[in-house]
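Below: one structure, written as structure tokens.
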Amino acid sequence: MNRYSKITLVAIIVIIIPFAYSILNIFAADQLQFRWSEGKFSFFELSNGGDVEFCNTMPYWSSFKKFEIITFYDMKQNGIFTVYPLTINPASTAVQKGVFTSEEFTAAQYLFMNLDFEFDGGDIRIDPNKLYVMVNISTPIIGIIPYTTTLQYSGFEFSNLMNNEKLSC
């Protein structure tokens, strides 16, 4: 193998590695498991910020630029719970603090208190079927090309998911 072939091979490897790592992160985002780490989950607790436990089921390190939980009621956004950059070791868990923001914070908390009461078996005052949650996991390709994995849940499904007793890790 001559000198130019070696240089070309090294250049190809250097170019492929960031793309391969980005593709692995995208796959890991699809497999990512998460739950509320501080006792029983409630939407009201979510609105006050808190810790989320993440489980990386993959056998390699996974990095995510941003993890967002966006709540909607009756097609209107109530707020966004955001966890910023996160790297998780292979086949392990990590706990990360998140922050909730909303344009109508008090209204969002009132809505969440009512929904938590209903999900715990209380009287139905507002329609819980109008609540849905989108989870966005941002994993940019080679750090500059935006890519987001989006998952959608009903409010009740999301509440059960966040109250999951055990993750795979």
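Over the chain, what lengths in whole Å, largest first, do the semi-axes of the equivalent ellipsoid take, defined as the square roots of 5 times the eigenvalues of the alpha-carbon gyration tensor?
One finds semi-axes of 39, 16, 12 Å for the chain.
Let me make sure I get this right: for the range 88-130, a, b and c are the square roots of the gyration tensor eigenvalues over alpha carbons, sorted descending. Under 1.5 in a/c it's rounded, otherwise prolate if a/b > b/c, else oblate. Which is it?
oblate
Which is the longest stretch in the chain that no exposed loop site breaks, taking sites as GluC sites (Glu not before Pro) with a DSSP loop state and at most 10 other Cβ atoms within 10 Å?
1-102
Counting only heavy atoms of protein chains, what accessible area per residue, in Å², does the range 89-169 have with a probe of 1.4 Å?
Ligands and nucleic acids excluded, the result is 60 Å² per residue.
Set the bar at 20 Å for Cα to Cα. Now go through LYS76/LYS166; LYS66/LYS130; LYS40/LYS166; LYS76/LYS130; LYS66/LYS97 and name every pair that lies beyond it.
LYS76/LYS166; LYS66/LYS130
Could you pull out every residue, at least 5 positions away or on a different chain, whose amide H is within less than 5 Å of the one on MET58? Hs are placed 1.01 Å off N in the peptide plane, and Pro or chain starts have none.
Under 5 Å from the amide H of MET58: ALA91.
Excluding ligands, DNA and RNA, what is the solvent-accessible area per residue of the range 1-75 at a probe of 1.4 Å, expressed in Å²?
Details: 4180 Å² over 75 residues.
For the range 1-75, the solvent-accessible area averages 56 Å² per residue.
With a 1.4 Å probe and all protein chains left in place, how much of the accessible area of the chain comes from carbon and sulfur atoms, in whole percent?
Percent of accessible area from carbon and sulfur atoms in the chain: 59.
Hey, can you rank 125-135, 26-36 by average C-beta count inside 10 Å, highest first? Kindly include the intermediate steps, with their values, before the conclusion.
Working: 125-135: 16.1, 26-36: 17.8.
Going from most to least packed, we get 26-36, 125-135.
Take each uninterrupted DSSP H stretch in the chain, measure its Cα extent along the helix axis, and return the ones at 30 Å or beyond whose mean Kyte-Doolittle hydropathy is at least 0.0.
The qualifying helices are 3-31.
Over the range 3-163, what is the percentage of antiparallel beta bridges among all DSSP beta bridges, to the nearest 5?
Working: 40 of 40 bridges.
Bridges in the range 3-163 that DSSP calls antiparallel: roughly 100 percent.
Label the range 22-62 by shape, choosing from rounded, prolate and oblate, from the square roots a ≥ b ≥ c of the eigenvalues of the Cα gyration tensor; if a/c is under 1.5 it is rounded, and otherwise prolate applies when a/b is larger than b/c, oblate when it is not. Provide the component values of the computation, followed by the final result.
Values: a/c = 3.58, a/b = 2.68, b/c = 1.34.
Here the range 22-62 falls in the prolate category.
Rounded to the nearest Å, what's the spacing between the alpha carbon centres of the range 88-157 and the range 4-62? Just the number, please.
18
What value, in deg cm²/dmol to 500, does the helix sum -39500 (n - 2.57) over DSSP H runs of n ≥ 4 give at 222 nm once divided by the residues of the chain? Each step should come with its number before you reach the end.
On the way: 4 runs with 57 residues, N = 169.
Dividing the helical sum by the residues of the chain leaves -11000 deg cm²/dmol.
Compute the relative contact order of the chain as a whole-number percentage, counting only Cα pairs closer than 8 Å that sit 6 or more residues apart in sequence.
26
The values are calculated or read from the model by the stated rules, or taken from the named source; none is laboratory data. Quick caveat: nothing in here was measured; it's all calculated off a predicted structure. Heads up, the Cβs are rebuilt from the backbone with ideal geometry, glycines too, and the neighbour counts pull from every protein chain shown. All accessible areas refer to the heavy atoms of the entire protein, side chains included, with ligands and DNA or RNA removed. Shrake-Rupley method; radii C 1.70, N 1.55, O 1.52, S 1.80 Å.
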